[in-house]
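Participant: My structure is below; once you've seen it, I'll send some questions.
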């Protein structure tokens with residue numbers, strides 16, 4: 001009985017305190033900056049805190065029941081009421097967005113959250129709600145959409161094929177140039193849909209290159225045939241570079257594609273030219289010889305006189321044949337013969353022979369020396385081949401190669417200028433526009449961070465395009481000269497790949513002819529890129545120096561090295577491109593590379609200081 005009496009007394013005290021507790025709670029809610037309200041189970045509003053009333057410019061009497069709807073923007077009112085009635089029927093919590101009239105009479109976007117309160121039996125006894133101002137978020141979303149539209153506008157006006165992929169390797173964007181090229185819609189190209197246009201013979205290698213580079217986060221270059229809207233397969237050079245967020249997390253890839261079908265056709269012409277060269281070599285006229293070095297008598301086989309277009313004699317000597325060699329080749333011929341020794345007994349030399357009729361015949365002499373006990377050469381046995389037709393074929397091949405390289409350089413220059421002067425400038429404007437949005441609109445920290453991220457992506461894309469532009473063509477080479485361009489490139493590569501590139505130069509003539517400068521710069525560019533990407537070396541030494549008759553370039557590292565013969569047989573064109581450029585300059589290039597022992601490349605190109613000086617003054 002005592003316990004029951006005590007319980008009744010406690011209950012009365014609790015009920016007496018309840019109104020005061022509720023009053024205190026409402027006072028606390030009134031000072032909260034959040035808009036808070038409550039409603040009866042049928043949805044009629046019973047209470048709105050002071051912040052809600054001040055914001056809507058309604059009194060509590062006006063807002064009660066369904067009067068609060070007068071503060072909702074007319075365009076949003078019906079949809080909000082429909083959502084509210086649906087939640088009342090379903091008895092579930094929910095959210096809706098609508099514009100609510102503010103204290104200044106203007107409408108602001110709010111996120112309205114509704115939540116039911118249930119008793120022990122599960123019956124709804126009251127509804128509670130909050131209104132959160134999301135005007136800044138709405139403005140930021142609008143600004144973000146505008147920024148993305150600007151980027152797409154810039155990409156859509158670029159003269160190259162552009163694509164973007166996400167971290168899952170699936171493509172999320174293709175510009176209008178790509179869609180116009182393939183004649184397909186964006187929806188069909190997204191994900192891996194673009195691969196449907198790749199030639200079946202190229203698809204496997206294309207996907208392997210893409211996936212392997214993606215997994216290693218490395219830049220890649222690949223060539224494949226892509227079906228154009230008219231059904232023709234065109235060769236495309238696709239260059240992809242990884243993208244990174246402001247916090248250096250991987251964000252996917254961005255890539256550009258170029259139609260290189262014409263270049264491929266020239267390469268095919270080159271291949272056919274090389275085939276003609278091999279055929280000419282196989283069917284060329286030749287004869288054997290034996291040269292007694294003690295007596296200087298040369299024993300010849302076959303119709304050598306008809307082949308070399310010289311008079312036939314009973315006894316032919318080396319001194320006599322030397323008089324028939326073109327004056328410009330005699331010194332080289334004698335030098336090569338005197339170099340024969342037991343350690344290097346082989347001889348191979350090409351030279352010109354002036355026939356009795358005045359016509360010039362190209363001949364190639366191959367042979368092997370035989371030595372006495374004192375290691376003195378006694379005789380040389382070998383073959384002489386008429387290679388006049390081969391030389392003509394080589395000249396044809398050289399012309400094709402020169403046109404190919406010149407066309408490639410011109411195309412690289414055009415693309416580099418387009419990226420630098422057009423696309424890059426537009427991306428810079430995009431970054432400026434994003435910064436202006438942050439100034440013009442009051443936005444929260446989350447949205448500011450999102451805009452910062454997008455702005456940083458735009459800046460990084462700009463930086464990537466600048467690097468790609470410089471890789472395609474160095475403007476420093478034209479305006480500052482070879483030494484400055486090489487030093488600048490070494491510095492840029494050092495910073496990008498965190499490799500210490502030491503560049504030294506001395507006695508370099510000024511100016512260097514443009515064709516020689518471009519040749520040496522491209523060799524340095526290819527060599528350093530290969531070293532940075534594949535050798536693992538942390539230090540590379542590059543030297544450029546001149547002599548009265550030559551310019552030399554050397555690039556050395558102590559990295560992992562590589563198998564030179566395997567590289568020559570591989571699909572890459574880097575070594576072939578370097579050797580072809582040097583050959584067209586009538587220079588020589590030597591490459592020493594062994595797995596685990598590093599790589600050394602040495603180039604020397606003939607150069608006349610007098611010719612350069614005359615060219616400058618002229």
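Participant: Within the stretch 244-274, how many residues are within 28 Å of residue 209 (Cβ to Cβ), modelled with pLDDT under 85 and part of a helix (DSSP H, G or I)?
Facilitator: Total satisfying the criteria: 4.
Participant: I'd like to know if the stretch 421-428 contains one or more residues that are out of contact with any strand residue (DSSP E or B) (no Cβ under 6 Å at 6 or more places or on another chain), at pLDDT 75 or above and farther than 16 Å from residue 251 by Cβ.
Facilitator: Within the stretch 421-428 (the criterion being out of contact with any strand residue (DSSP E or B) (no Cβ under 6 Å at 6 or more places or on another chain), at pLDDT 75 or above and farther than 16 Å from residue 251 by Cβ), the answer is no, since none of the residues qualifies.
Participant: Among the listed residues 432, 459, identify the single one that is at pLDDT 60 or above, in a helix (DSSP H, G or I), touching a helix residue (DSSP H, G or I) at 6+ places or on another chain (Cβ under 8 Å) and farther than 30 Å from residue 582 by Cα.
Facilitator: Result of the check over 432, 459: 459.
Participant: With surrounded by fewer than 15 Cβ atoms within 10 Å (Cβ to Cβ) and modelled with pLDDT of 90 or more as the only criterion, which of 92, 22, 75 stands out?
Facilitator: After applying the criteria, what remains is 75.
Participant: Hey, can you tell me all the residues within the stretch 545-554 that are part of a strand (DSSP E or B) and surrounded by fewer than 24 Cβ atoms within 10 Å (Cβ to Cβ)?
Facilitator: 545, 546, 550, 552, 554
Participant: Checking residue 132 against (1) outside any helix (DSSP H, G or I); (2) more than 25 Å from residue 235 (Cα to Cα); (3) in contact with a helix residue (DSSP H, G or I) (Cβ under 9 Å, 6 or more places away or on another chain), only one condition comes out false. Which one?
Facilitator: Condition (3) is where residue 132 drops out.
Participant: Being at pLDDT 85 or above and out of contact with any strand residue (DSSP E or B) (no Cβ under 8 Å at 6 or more places or on another chain) is the filter here; which residues of the stretch 531-559 pass it?
Facilitator: Across the stretch 531-559, the qualifying residue is only 547.
Participant: Counting only residues that are farther than 14 Å from residue 391 by Cβ and in contact with a helix residue (DSSP H, G or I) (Cβ under 9 Å, 6 or more places away or on another chain), how many does the stretch 325-355 have?
Facilitator: The total comes to 9.
Participant: Of all residues in the stretch 122-133, count the ones that are without any contact (Cβ under 8 Å) to a residue 60 or more places away in the chain and buried (at least 18 other Cβ atoms within 10 Å of the Cβ).
Facilitator: 0
The values are calculated or read from the model by the stated rules, or taken from the named source; none is laboratory data. In this text, all values refer to a predicted model and were calculated from it rather than measured experimentally. All Cβ positions, even for glycine, are placed from backbone atoms using ideal geometry, and neighbour counts span all protein chains on display.
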